[in-house]
1. From (1) of a type in the set (S, T, Y); (2) open to solvent by 90 Å² or more (accessible area, probe 1.4 Å); (3) farther than 30 Å from I213 by Cα, pick out the condition that doesn't hold for S264.
2. Consider A242 carefully, then state whether it is among the small types (G, A, S), modelled with pLDDT of 80 or more, surrounded by 15 or more Cβ atoms within 10 Å (Cβ to Cβ) and touching a Ser or Thr at 6+ places or on another chain (Cβ under 6 Å).
3. Name the residue, out of Y300, Y277, Y295, that is of a type in the set (F, W, Y) and open to solvent by less than 50 Å² (accessible area, probe 1.4 Å).
4. Could you list all residues from segment 194-224 that are among the hydroxyl-bearing types (S, T, Y) and not in a loop (DSSP other than H, G, I, E, B)?
5. Just the residues that are surrounded by 14 or more Cβ atoms within 10 Å (Cβ to Cβ) and either among the hydrophobic types (A, V, I, L, M, F, W, C) or in contact (Cβ under 8 Å) with a residue 40 or more places away in the chain (or both), please, taken from segment 281-292.
6. Quick one: is D248 closer than 30 Å to D143 by Cβ, of a type in the set (D, E, K, R) and at pLDDT 85 or above?
7. Taking segment 120-168 on its own, how many of its residues are touching a strand residue (DSSP E or B) at 6+ places or on another chain (Cβ under 8 Å), under 23 Å from G215 (Cβ atoms) and open to solvent by 50 Å² or more (accessible area, probe 1.4 Å)?
8. Does K310 meet the test of being open to solvent by 40 Å² or more (accessible area, probe 1.4 Å), under 30 Å from L179 (Cβ atoms) and in contact (Cβ under 8 Å) with a residue 40 or more places away in the chain?
Amino acid sequence: MGFAPQFVDMNGDGLEDILSGSYAGDATQPEGHEGHIVAVTDENGDPASEIFVYYRQPDGTFADRVAIGMSHTHAAASPVDWDGDGDFDIITASRGTNTGQVGNINLHENVGTQNAPVLATQVVLVGRVEGHFITSAEAYDWDGDGLLDLVAGTEYGKVLWFRNTGTGDNHSFGEAVILTAEEEEEGAGGGLGSTRLAIYIIDWDGDGVQDVIGGDFYYLQRTEEEILAGATASEIAAWREAKAKLEDLNEKTQALYESVDLRSMNDEEREEFNQKYEEISAPYAEYQTLIWEKYPEQSYHGFVWFFKGKTR
């Protein structure tokens, strides 16, 4: 999860389209399109995150991807008519920015039309939140006062509420209020074990109170016994050799990173740095492939969570 793909009629033709944010540098393709993932770059050719739509056709298929805006890296997107003009604007949230900083909750106003949305450059609604990495956000009147608040999912499975303390024309948001329980069982997901929580607000159980549905990305570190289950003596020896080689690689690459300042590099210096990195890494390629593909040290999956709303 993480980029909040969802069905929504973005162009007002009565057919539900696919709206999504994307990972930095790539966007997924639905079935029937060539290639599972396509590259996404900015005007400088650097990896970027795109807000895109696959418009549904009358025959049920989807047209080719249409980019309607760009955002910070790892961006999740959520539609809302923020300014009440009858078309969808977009709220985005991101785990980070292109400069490596923690991302914000942003508004992208639709400066196109209802039938052909085009998003303006993002405007920050909520900046960095101390202690939290925002991974998704929705605009919703959570307290029922007639103003759009912001509700967000976080990197570690929390749901936050930012109350709109402004007016209909001049939005301002209060400090983050944690809506989920303060303590959960470690490793249970939806909390300490959960990552990249993408949320959707809906009255799931039909009791008249809004709930939150969340999808996450979850991984478990595998033990050496689990990694090597069923391996022969020669395979175990190969694994141990690869582990030792990669420890050596880590030391060399760490020394390389410590010798430079990535933030102040010009294009020539960055190219030289990349070349040095490739020269260091090349001799270890076979060991990296062995560890990553045959003996993965982590297992990956995801959960879908139901956070039941209570009467406020």
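The values are calculated or read from the model by the stated rules, or taken from the named source; none is laboratory data. These numbers were taken from a predicted model, which means no experiment stands behind them. So basically every Cβ, Gly included, is an ideal-geometry build from the backbone, and we count neighbours across all protein chains shown. The area values use the complete protein model at the heavy-atom level, side chains included, leaving out ligands, DNA and RNA. Shrake-Rupley method; radii C 1.70, N 1.55, O 1.52, S 1.80 Å.
1. (2)
2. no
3. Checking each option against the conditions leaves just Y295.
4. Answer for segment 194-224, where residues must be among the hydroxyl-bearing types (S, T, Y) and not in a loop (DSSP other than H, G, I, E, B): T195, Y200, Y218, Y219.
5. Within segment 281-292, Y287, Q288, L290, I291 qualify.
6. No, not satisfied.
7. So the count comes out to 3.
8. Considered against the rule, which asks whether it is open to solvent by 40 Å² or more (accessible area, probe 1.4 Å), under 30 Å from L179 (Cβ atoms) and in contact (Cβ under 8 Å) with a residue 40 or more places away in the chain, K310 comes out as yes.
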